[in-house]
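The values are calculated or read from the model by the stated rules, or taken from the named source; none is laboratory data. Owing to the predicted nature of the structure, the values given are computational and were not obtained by experimental measurement. Here the Cβ is made from the backbone with ideal geometry for all residues, glycine too, and neighbour counts use every protein chain on show. We work out accessible area using only protein heavy atoms, side chains counted, and drop any ligands, DNA or RNA first. Shrake-Rupley method; radii C 1.70, N 1.55, O 1.52, S 1.80 Å.
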Amino acid sequence: MASLNRIAIFASALALSLTTVTPGVAAAAAPGAAASASSAHVVPLPVSMTTGHRVFTLTPSTRIVANSAAAHAVAEDLAAYLRPATGYPLHVVDGNPGHGDFDLRLGNPGTLSHDPDGEGYQLDTSTTGVTLEAMTAHGLFNGVQTIRQLLPAWIESSTVRPGPWTIPVSHITDYPRYTYRGVMLDIARHYESPATVKKFIGQIAAYKINIFHLHLSDDQGFRIAINSFPRLTSIGSQGSVGTDGRTMDPGGFWTQADYKSVVAYAAAHFITLIPEVDSPGHNNAIIMSEYNDTANPLLNGHPQDINCGTNNPPVWNFTGDVGYSAMCPSSDNTWTILTTIIKQLSALSPGPYYDMGGDEVTQLTQTQYNGFLEKEAGIVQAQGKIAMGWADISAANLSGPTVAEYWAPSGGNSPDASTFRDAAAKGMPIVMAPANHAYLDQVYSENKTARVPPNPFGQDWACATGCDVDQFYNWDPSTFVSGAPKKPNVIGVESAVWTETLRNLSEIDYMAFPRMPATAELGWSPAASRTSKSSPAYRDFVQRLASQATRWYLDGVNFYPSPEVPWHLAAATMRASVSGSRLSGVVSLAAPGVSPADVKASVSWGDGHTTRADVDGTPGSTMKVNSLYAVTGSHTYKQAGTFNGVVMMHAAGEGSASVHFCVHVNAKHQLAVATGGC
Ligand code: TNX
């Protein structure tokens, strides 16, 4: 492959542009060169995509042209994604696109008639430019996520890399299968800060998720300040699961300003936030806070009547037991507290939904339970919101707009899927999150001697033999439960991170990646025969999934290097430094799940000498993927000439990668190093 730009260096460090080779795949480089198959590995799979053999290459003069204010804002998003790694200015401008530009336009490309909500896009890449067209800004934003994935993975780097930055010539028409594509995060069992949650939102946005469901309250913690009820946070925020509470894990809460800033951050990623304060069970934190709030002027002086739990007087529960608590439907104080919460959260949440929870209530009669949810749904609807809840709520006679989220692990014609059938019978829109296919707190694999992740991380109640990528991918949301009396109205899918065992973003990410992208693909991509590990759709998915790994490393996303995914070595950049006639090079290498000792690396310097290269980095550990590795070598050139060098890396099961460079040594023993072969 010809070198692109020959740069003479005589002293200082220089980053070199290198070639990544995945097994059986040629890498892309110069304009018009062959497109790398790995650069067309898009998740979720687009509705239709054709790719050619040539590429579009970004240059320092590439601009992003926008035809409207809304397109302009998304163009700024694209620029922000691409500037750090390219180091290019990528000016966002109005007007007409020129040679080598991105063109982002709001309009109707005429190909999106099956797009349910205007979230689709049309993306056309030629060797001379990229045109992205959509009917809404959200559609453009989804197209931008695809553009990121069409570029080499190293585009996710936060520091400048040399490229080349290529997109395969391609035509993509794309729109979602389902309206609702959610991820739920529980910040009640363990507190997470607004900054952490924003990072997580940025991570899920890359997979075209459009709903972020935030579980704000449970038995162990209440996480948002509510005006007039300061004890909800001064007392209720301070617990957590599994830590004996306050001394080991101080908990925490968000101010309303924090909450608004997360809502705004989600909205900037075209994600709607749904708040959930679980009721009438799973709310011991509220009961603990308000049981003794006798001086609160909004309450009637005997607030202890909110507690219908057998645990009376209440005590903290740091274990996460099922069915632990219940608020009393007969207490005025229950409704004063809940109405205040619902009003304030509804006012803070511009999205259409408010989630009432409604799951796992064992301490009320069915009649009490139904009455509770019927009353609460009315309060929610009075705020102009759609009342949502776990599918248990379908037992109640809810009028007005209500959505059920099905979470039981039972499918087919199992009688245990009755909450789904009740919801379908009542015509409720249904979101699918069956625990054995969509609960991200469940262990990846488990047997008698080894558990992944090992205790105490992850739960196994829905996944006694483990739930790896295959279990998350091979099911169909619309047909999972059969035998409904009426055609069910499945509006989408959601994966859920429960955090009884997970304390921070690293642990959350380890459970969410690589499984959350499987749920994202079920939500976005067309129906397919997704049945088993041998189905073509799954084989294709895990190939595309493997190509995400380098992006996760660069984005700081921890992930489980599942044995179900055909990970491969990916090498991108060598930083070279020259001292006299001595060349030292460092190559970044992604090798998911491989320890540094198991990567074999060498450098052929082109002058007849080959040396072993060192592979340094952090091996994987419990709940932590191995780091990116640094492959290093150095060599002194003894004679003048032009030399084809190559860094070669190999790991059993992950193929080989090689990185070419060209060294020119002049008569004074000064080195010039360039990318690619000579
Ligand atoms: C069930 S699913 C729960 C949660 C737990 C989760 C753990 C549901 C609506 N309730 O309270 O955190 O299992 O997997």
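Among the residues of the stretch 168-210, what is the count of those that are more than 16 Å from the ligand (Cβ to nearest atom), assigned to a strand (DSSP E or B) and among the β-branched types (Val, Ile, Thr)?
Within the stretch 168-210, the subset more than 16 Å from the ligand (Cβ to nearest atom) is 168-181, 193-210.
Then drop every residue that is not assigned to a strand (DSSP E or B), which leaves 168-174, 180-181.
Next cut, among the β-branched types (Val, Ile, Thr) only: 169, 172-173.
Selection size over the stretch 168-210: 3.
Among SER445, SER529, SER535, which is the only one that is in the same structural domain as GLU276 (by TED's automatic domain parsing) and in contact (Cβ under 8 Å) with a residue 40 or more places away in the chain? Steps first, answer last, please.
Working: SER445 fails: in contact (Cβ under 8 Å) with a residue 40 or more places away in the chain; SER529 fails: in contact (Cβ under 8 Å) with a residue 40 or more places away in the chain.
That would be SER535, the only listed residue that is in the same structural domain as GLU276 (by TED's automatic domain parsing) and in contact (Cβ under 8 Å) with a residue 40 or more places away in the chain.
Among the residues of the stretch 300-331, the ones that are more than 16 Å from the ligand (Cβ to nearest atom) and over 25 Å from ALA387 (Cα atoms) come to 13 in all.
This table checks each residue for (1) open to solvent by 10 Å² or more (accessible area, probe 1.4 Å); (2) modelled with pLDDT of 95 or more; (3) aromatic (Phe, Trp, Tyr).
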residue	(1), (2), (3)
SER399	yes, no, no
VAL403	no, yes, no
TYR406	no, yes, yes
ALA425	yes, yes, no
VAL431	no, yes, no
ASN447	yes, no, no
ALA450	yes, no, no
PHE457	yes, no, yes
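Within the stretch 512-529, is there a residue that is more than 16 Å from the ligand (Cβ to nearest atom), open to solvent by 10 Å² or more (accessible area, probe 1.4 Å) and of a type in the set (A, V, I, L, M)? Within the stretch 512-529, one or more residues are more than 16 Å from the ligand (Cβ to nearest atom), open to solvent by 10 Å² or more (accessible area, probe 1.4 Å) and of a type in the set (A, V, I, L, M).
Against the condition closer than 30 Å to ALA674 by Cβ and open to solvent by 40 Å² or more (accessible area, probe 1.4 Å), how does THR622 come out, does it pass?
no
Condition check for SER656 on (1) of a type outside the set (Lys, Arg); (2) touching a Cys at 6+ places or on another chain (Cβ under 9 Å); (3) under 23 Å from SER547 (Cα atoms): one failure, at (2).
What strands (runs of 3 or more DSSP E) lie completely within the stretch 591-668 and have 3 or more residues being in contact (Cβ under 8 Å) with a residue 40 or more places away in the chain and over 28 Å from the mean Cα position of the chain (by Cα)? Explain how you work it out, then say what you get.
Values: elements: 599-604, 610-612, 614-616, 629-636, 641-651, 655-665.
Hits in the stretch 591-668: 599-604, 629-636, 641-651, 655-665.
When you go through ASP258, ASP278 one by one, which is the residue that is in contact (Cβ under 8 Å) with a residue 12 or more places away in the chain and either away from the ligand (no atom under 16 Å from the Cβ) or over 30 Å from ASN455 (Cβ atoms) (or both)? Being in contact (Cβ under 8 Å) with a residue 12 or more places away in the chain and either away from the ligand (no atom under 16 Å from the Cβ) or over 30 Å from ASN455 (Cβ atoms) (or both) holds for just one of ASP258, ASP278, which is ASP258. Report yes if some residue within the stretch 129-143 is outside the structural domain of TYR265 (by TED's automatic domain parsing), within 16 Å of VAL47 (Cβ to Cβ), in a loop (DSSP other than H, G, I, E, B) and touching a residue at least 40 places away in the same chain (Cβ under 8 Å); otherwise report no. No.
Number of residues in the stretch 304-339 that are more than 23 Å from THR362 (Cβ to Cβ) and either among the acidic types (Asp, Glu) or open to solvent by less than 10 Å² (accessible area, probe 1.4 Å) (or both) equals 1.
Note on the stretch 329-350: residues that are free of Cβ contacts under 8 Å to residues at least 40 places away in the same chain and assigned to a loop (DSSP other than H, G, I, E, B) total 2.
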